[in-house]
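Everything below concerns the one structure shown next.
The values are calculated or read from the model by the stated rules, or taken from the named source; none is laboratory data. What you see is a predicted model, and the numbers here were worked out from it, not measured in a lab. Positions of Cβ are generated from backbone atoms using ideal geometry, with glycine treated the same way; all protein chains shown enter the neighbour counts. Side chains included, ligands, DNA and RNA excluded: accessible areas come from the protein's heavy atoms. Shrake-Rupley method; radii C 1.70, N 1.55, O 1.52, S 1.80 Å.
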Amino acid sequence: MSIMQVIDLHQRHGSRETLKGVSFSLEQGEVFGIIGPTGSGKTTLLRLLDQIEVPSSGRVYFEGRDVTGSPRLRSELRRKVGMVLQKPVVFDASVYDNVAFPLRLRRYSRKVVHGKVDTMLNAVGLDGYQRRNARTLSGGETQKVALARALITNPQALLLDEPTANLDPVSLKTIEEFILRFSRENGTTIVIATHEMAQGQRLADRIGVIMEGQLVQIGKPSEIFYAPSDIRVARFVGVENILEGRVTSNREGLVHLDVHGRAVEAIANRHPGDELHLFIRPEDVVLSLSEASTSARNSFSGQIAGLAMSGPLARVHLDCGFPLVALITRQSAEDLGLQVGKQAHVSFKATAVHVIGQ
Amino acid sequence: MTELWDGLVQALHLIVTFDDEVVDIAWRSLRVSAASTVLAALICIPLGGLISFRSFRGKRLLINVIQTFYSVPTVCVGLFVFLMLSRAGPLGGLGLLFTPSAMVVGQALLITPIMLGLTISALSSVDKNIRDTTLSLGASERQAIWAIIKEARFAISAAIVLGFGRAISEVGVAMMVGGNIRGFTQILTTAIADEANQGNVELALALGVILLAIALVVTLGVNLVQQRR
Amino acid sequence: MTRKPLYCLVTVLVLAALVIGAIGCSSETSGGVLKPEGRLRVATTTSLYDTGLWGYLEPKFEKQYDVELDVLSGGTGLALEWGRRGDVDVLTVHSKADELKFIADGYAAERVWFACNYFLIVGPEDDPAGIKGMSPEEAFKTLYDGGEGKFVSRGDNSGTHSKEKAIWKAAGYADYAALTEAGIAAGWYLEAGRGMGDTLVMARELGAYTLTDIGTFLAFQSDLQLVPIVESGSILLNVYSVLVCAKSTKQEMANNLVTFLTSPEVQDLIADYGVADYGQSPFTSCAGQDEPTS
């Protein structure tokens, strides 16, 4: 069931158009990720979803009713939808008073407030912090207070703007787990805006990619990551191998492409002569020293042009008639004794190649 | 110089002996100015909240006008209130002229611009995210304004104390609408002017010293509040 | 953090003081809001106030008639304006011409004189203009023509100021506005725009002459290095009268005040007032007699 829909949202801030015709709908209970580079309009979109801002044009529907233009419905929406800002601010008051704030706005009795706040603080791991001034907390603790404050009213939807930016990995993990658990237990719809595509992949059931104010792709994480709809999305979600090619033949969905004079096979229904972009994720590229027998359709040999270590992984740049990046473990890179200038073989399956029209 | 010295000696004498009339005048000063400060604060805090919260055409202009009235001469306010409250004026029927109530109204009007202006600037210096946060947590406009006021409470109390300082030290309004009636509307500042007129320079100086002592306490209060930040 | 409670305490104390002040005040102000008829207001010329005469008579009247008397001190001009607007009930002033106009305009029924004294021209002891012993009119002429000696005028439309204008007129200078303009331009004529006490202090500081009522002069004499220069001349007569304002809603109590001021007992008090302090009383009682003319 759809809880919220936005139709053709536009937003202007001065002469800058921060959102250009965004439309999508949110399903009850899903975790929806909004990913995009910094400054692409994620924050504006969340603010419009929570009706803190009024769109310059377009409509926001909540529970089937158009709330834009109705102060009463807008405030009703804000009461049912929680939001945690990108840089959460806490009131200059105790942790207890901060978390109790939304309940007091709704005129709950002192006793009910007490019970709910204590339970919530316990759930986010801030038991014992009740009387601390919230302004004296660390970044992670502040984030937890803001989260607890937004969730204390058990909202139907929770909007999170970069909830884990500037957090250490341990706090990040705690908060991500808490959000997921809360959503499962209460059926809360979560919208999470993040510039970090891996977080979107970890948490979201569906992802919308926003680029320069436009929602360019929406789908399951696997679709976004393996079948980006254009070059900008591909680059953003970490597709490092973006090649250009021309279809030479098509046999029942298996196409042959000419890429810089080399033949590459891919699964697609395209006509000979079509100019295409090919996306190949670097982790889908298999690297070996000898031309091993493989079921992969595409097999090339080339020279190692560069080698970069990144944590437990190694990024290998090859020149095999066209540039190609392979991502392998650091261990295998050492086992293979890879060095710049050495020859190596690469292979990737036809299904690992995603093509779109140029 | 001997006059100054005699004045100081007499001031100390009047203070330590708790001279009835002086205590009466000082206490009345304190009460009138406190009442006008409370009245002005009751107007300025909600109004300042509304002006700073909402965006509307002419907001900048309005704030400029308010700031211009920071330096309105006390006698102008006094004359205005006199004309309003005089029997021949529009509010003459209330019979307020030459009563402490009239002084309270006049002083409140006098300090309203400075208190309002400082309240607005105190509220504008609150993190804009506080506003968005309160709204996103389901606050109505009124609840959001109140939350912002609470965030700015220290700067606002400084504004209130400053308004009190201006009220207790002014003479124009109190003289024109209070009439300096002995035992009824005579306060420290009008008594100083009056005693000086009658040639009682020492007593005038003594009352001045008492006024300064009150001002000192007020200033200390302002500093304490502001140092907290 | 550890010091925070202190500041909270201060804030709470300040607010508490303000609230208590407000409550304490409201009980007092109720006299003005709820029972305005409980108080009688008299506006007086400064000389009757600054000499302390009203401070002396006020409690006696309050006791005799069981009423709160509010004495407002201002120049005769201001007192008359208050009377015209209906803001006061009774006037005690000293400017015959203005009073007659006030009556003619219907703001009062009659003027009742209750005290009189004389104006003086006072100045520095060395008398730079050499006007000692002259008649007031001659003295003013000399000041105008001689070029020696400065003159400080009240310049505030008070009774004393009216008297000064009357003397200039009698001395042959009918156009007072032109006179002051020329005098100010020439630098010998100054307008104080203040009460009598301030004007006397100003005259002392500038070594100038001024016209003063004897009452205020006696009260200030010890602090002034000014001496009487001209003190005789029928034009210097100063008559204080009491007027009940037509707009007053307390006619009865206002008439009580007139009765009080003209009663033989109070007339005696006025005649004796200040003898102990100044060696002579600044006022002569004159109620019930013909209006003094010299």
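Return the value, in Å² to the nearest 100, of accessible area buried between chains C and B (probe 1.4 Å, both sides summed).
3300
With a 1.4 Å probe and every protein chain kept in, tell me what percent of the accessible surface of the range C:118-236 is carbon plus sulfur.
47
Any idea of the total accessible area buried by the B-A contact, 1.4 Å probe, rounded to 100 Å²?
Chain pair B/A: roughly 1700 Å² of buried accessible area.
What are the residues of the range B:130-168 that lose 50 Å² or more of accessible area, with a 1.4 Å probe, going from their chain alone to all protein chains?
Relative to the lone chain, where solvent access is computed with a 1.4 Å probe, the range B:130-168 loses at least 50 Å² at B:Asp132, B:Thr133, B:Leu135, B:Ser136, B:Leu137, B:Gly138, B:Gln143, B:Glu151.
Considering the dipole of the range C:118-236 built from charges on the beta carbon (Lys and Arg +1, Asp and Glu -1) around the Cα centre, which of C:Phe217, C:Leu190, C:His161 is farthest to its positive end?
About the Cα centre, the residue reaching furthest to the positive side is C:His161.
Mind checking the per residue accessible area of the range A:224-318 for me, 1.4 Å probe, whole number of Å²?
49
Quick check for you: with a 1.4 Å probe and neighbouring chains kept, what is the accessible area per residue of the range A:68-111, in Å²?
Using a 1.4 Å probe on heavy atoms only, each residue of the range A:68-111 averages 49 Å².
Go ahead and set up a Gaussian network model of chain A, Cα springs under 10 Å, then flag whichever of A:Ser301, A:Ser109, A:Ser57 fluctuates most.
Ranking A:Ser301, A:Ser109, A:Ser57 by mean-square fluctuation puts A:Ser109 first.
With a 1.4 Å probe and every protein chain left in place, work out the accessible area per residue of the range C:71-121 in Å², rounded to a whole number.
32
Among B:Thr68, B:Ala167, B:Phe80, whose Cα projects farthest towards the positive end of the dipole of the range B:28-190, with charges put on the beta-carbon of Lys, Arg (+1) and Asp, Glu (-1)?
Going by the Cα projections, it comes out as B:Phe80.
Percent antiparallel among DSSP beta bridges with both residues in chain C, to the nearest 5?
Just about 60 percent of them are antiparallel.
Give, ordered by residue number, each residue of the range C:50-71 whose 1.4 Å probe accessible area is reduced by a minimum of 30 Å² on adding the remaining protein chains to the chain alone.
So the qualifying set is C:Asp50, C:Asp70.
Give me the percent of accessible area attributable to carbon and sulfur for the range B:28-190, probe 1.4 angstrom.
70
So if R0 is 56 Å, what FRET efficiency would A:Asn250 and A:Arg72 give, r being the distance between their Cβ atoms, rounded to the nearest 0.05?
Efficiency at R0 = 56 Å is approximately 0.45.
What does the average come to when, for each residue of peptide B:96-105, you count the partner chain Cβ atoms lying within 10 Å of its Cβ?
6
With springs only between Cα atoms under 10 Å, which of A:Ala123, A:Ala204, A:Ala150 fluctuates most in a Gaussian network model of chain A?
A:Ala123
Considering chain A as a Gaussian network with a 10 Å cut-off on Cα pairs, which listed residue, A:Tyr226, A:Tyr96, A:Tyr108, attains the greatest mean-square fluctuation?
A:Tyr108
Within the set A:Lys87/A:Lys173; A:Lys42/A:Lys80; A:Lys173/B:Lys128; C:Lys169/C:Lys247; A:Lys111/B:Lys128, which residue pairs have Cα atoms separated by over 24 Å?
A:Lys173/B:Lys128; C:Lys169/C:Lys247; A:Lys111/B:Lys128
List the aspartates and glutamates whose Cα lies under 13 Å from the Cα of C:Lys132, skipping any in the same chain that are fewer than 8 positions away.
Excluding near neighbours in sequence, the set is C:Glu231.
Trypsin sites (Lys or Arg not before Pro) within the range B:1-107: which are DSSP loop residues with at most 14 other Cβ atoms inside 10 Å?
When the trypsin sites (Lys or Arg not before Pro) of the range B:1-107 are filtered for loop state and at most 14 Cβ neighbours within 10 Å, B:Arg54, B:Arg57 remain.
Do any chymotrypsin sites (Phe, Trp or Tyr not before Pro) in the range B:1-72 lie in a DSSP loop with no more than 15 other beta carbon atoms within 10 Å, and if so, which?
Answer in residue order: B:Phe18, B:Phe56.
Based only on Cα atoms, what Rg/Rh ratio does the protein assembly as shown have, Rh being taken as Kirkwood's radius?
Taking Rg over the Kirkwood Rh, I get 1.26.
Do you know which residues of the range B:73-95 lose at least 10 square angstrom of accessible area in the protein assembly compared with their chain on its own, with a 1.4 angstrom probe?
Output list: B:Phe82, B:Leu83, B:Ser86, B:Arg87, B:Ala88, B:Leu94, B:Gly95.
In vacuum, with every alpha carbon of chain C counted as one equal point scatterer, what does the Debye formula give for log10 I(q)/I(0) at q = 0.10, 0.11, 0.16 Å⁻¹? Two decimals, please.
-0.61, -0.70, -1.23
Which distance in nm do the two modelled labels at A:Gln28 and A:Ser222 give, with both placed 7 Å along the Cα-to-Cβ direction?
Those two pseudo-labels are separated by 2.7 nm.
Grab the Cα-Cα distance for C:Leu206 and C:Tyr176, subtract it from 0.36 nm times how many residues apart they are, and report the gain in nm with one decimal.
8.5 nm
Given R₀ = 41 Å, what would the calculated FRET efficiency be for C:Glu138 paired with C:Asp268, taking r from the Cβ atoms and rounding to 0.05?
0.65
What's the average, rounded to a whole number, of partner chain beta-carbon atoms within 10 Å of each residue's beta-carbon in B:33-40?
5
Can you put B:Cys76, B:Cys44 in order of accessible area, largest first, using a 1.4 Å probe?
Accessible-area ranking of B:Cys76, B:Cys44, largest first: B:Cys76, B:Cys44.
Using 0.36 nm per residue, how much length does the chain from C:Glu110 to C:Ser234 gain when fully extended, once their Cα-Cα distance is taken away?
Difference between extended and current length: 42.3 nm.
At a 1.4 Å probe, what is the % contribution of carbon and sulfur to the accessible area of chain A?
Answer for chain A is 48 percent, counting heavy atoms of protein chains only.
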